[in-house]
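Read the structure below first, then the notes.
The values are calculated or read from the model by the stated rules, or taken from the named source; none is laboratory data. Computed from a predicted structure; not experimentally measured. Note: ideal-geometry Cβ built from the backbone for every residue, glycine included; neighbour counts use all protein chains shown.
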Amino acid sequence: MKKERWRTIITHYCGMGAPQDQQMLIALLRDLQEAEGGVLSQAALDFVAQECAVKTAVLHALIRRVPGLRSESAKHTLEICGNCPAGMKLRAFIEKRYGVKSGAVSAAGFVYRVTPCMKNCKNGPSVRWDGRLHSRADETLIRELIDGTKKAK
Ligand code: FES
């Protein structure tokens, strides 16, 4: 049943140019994620890879790069402004504590990205957790977000 739903989505987007058209492949993953309840399971990704003849590594690379896509191994996204002068120490803290570099997935289960200015300069350091902007971020906030002790409103 689940695979029939997946196949319907895949067939739709393959008819529109996926996987060669990367925008259509991303749209396919977004629809599949929604059908999966918000997170792309490894089984769903394996199915897409098989049906579309693409490597799962390509799909995981898209998930790391495209905001809003989530896999079982990276259910969250942490973005930090790379331009906030006060953010340099916080970036070093994140990268050391969670063993992650920009563009990679932390073992703690989030995609980490250093981004350009978030247009929140007066309130920096600026971070986004699953797309939600947080001002004046510090180590306590980062621990709360990643360790799940603070729920996003
Ligand atoms: S420089 Fe960081 S939000 Fe603008």
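Taking the conditions exactly as written (under 30 Å from residue 20 (Cβ atoms) and within 16 Å of the ligand (Cβ to nearest atom)), does residue 73 satisfy them or not? Write out each step before concluding.
Details: under 30 Å from residue 20 (Cβ atoms): yes; within 16 Å of the ligand (Cβ to nearest atom): no.
Answer is no for this residue.
Looking at the range 69-86, which of its residues are touching a Ser or Thr at 6+ places or on another chain (Cβ under 8 Å) and outside any strand (DSSP E or B)?
70, 72, 82, 84
Checking residue 85 against (1) under 15 Å from the mean Cα position of the chain (by Cα); (2) within 25 Å of residue 144 (Cβ to Cβ), which single condition isn't satisfied?
Residue 85 satisfies all of (1) under 15 Å from the mean Cα position of the chain (by Cα); (2) within 25 Å of residue 144 (Cβ to Cβ) except (1).
Quick grid of which residues meet (1) surrounded by fewer than 19 Cβ atoms within 10 Å (Cβ to Cβ); (2) of a type in the set (Ser, Thr, Tyr):
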site	(1), (2)
28	no, no
41	yes, yes
72	yes, no
75	yes, no
79	no, no
83	yes, no
94	no, no
102	yes, yes
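From (1) in the same structural domain as residue 139 (by TED's automatic domain parsing); (2) under 11 Å from the mean Cα position of the chain (by Cα), pick out the condition that doesn't hold for residue 71.
All conditions pass for residue 71, except number (1).
As an exercise: evaluate residue 87 against (1) small (Gly, Ala, Ser); (2) touching a Phe, Trp or Tyr at 6+ places or on another chain (Cβ under 6 Å); (3) within 16 Å of the ligand (Cβ to nearest atom) and give the number of the one condition it does not meet.
Of (1) small (Gly, Ala, Ser); (2) touching a Phe, Trp or Tyr at 6+ places or on another chain (Cβ under 6 Å); (3) within 16 Å of the ligand (Cβ to nearest atom), only one is false for residue 87: (2).
Report the residue count in the range 22-55 for those that are under 19 Å from residue 103 (Cα atoms) and at pLDDT below 95.
2
Picking from 88, 24, which residue would you name as being of a type in the set (A, V, I, L, M, F, W, C) and farther than 22 Å from residue 126 by Cα? Lay out the reasoning, then the answer.
Details: 88 fails: farther than 22 Å from residue 126 by Cα.
Selected residue: 24, the only one of 88, 24 that is of a type in the set (A, V, I, L, M, F, W, C) and farther than 22 Å from residue 126 by Cα.
List every residue pair whose Cβ atoms sit under 7 Å apart, with the two residues 6 or more apart in sequence or on different chains, where the first one lies in the range 77-92 and is at negative phi and the second, anywhere, is within 8 Å of the ligand (Cβ to nearest atom) and polar (S, T, N, Q).
Cβ pairs passing all conditions: 81/126; 84/126.
Can you tell me which residue in the range 98-150 is farthest from the ligand (Cβ to nearest atom), limited to those that are in a strand (DSSP E or B) and free of Cβ contacts under 8 Å to residues at least 24 places away in the same chain?
Quick first cut of the range 98-150, residues in a strand (DSSP E or B) only: 104-105, 110-115, 127-129, 132-134.
The next check asks that each one be free of Cβ contacts under 8 Å to residues at least 24 places away in the same chain; those that pass are 132-134.
Details: 132: 15, 133: 9, 134: 11 Å.
For the range 98-150, the residue satisfying everything is 132.
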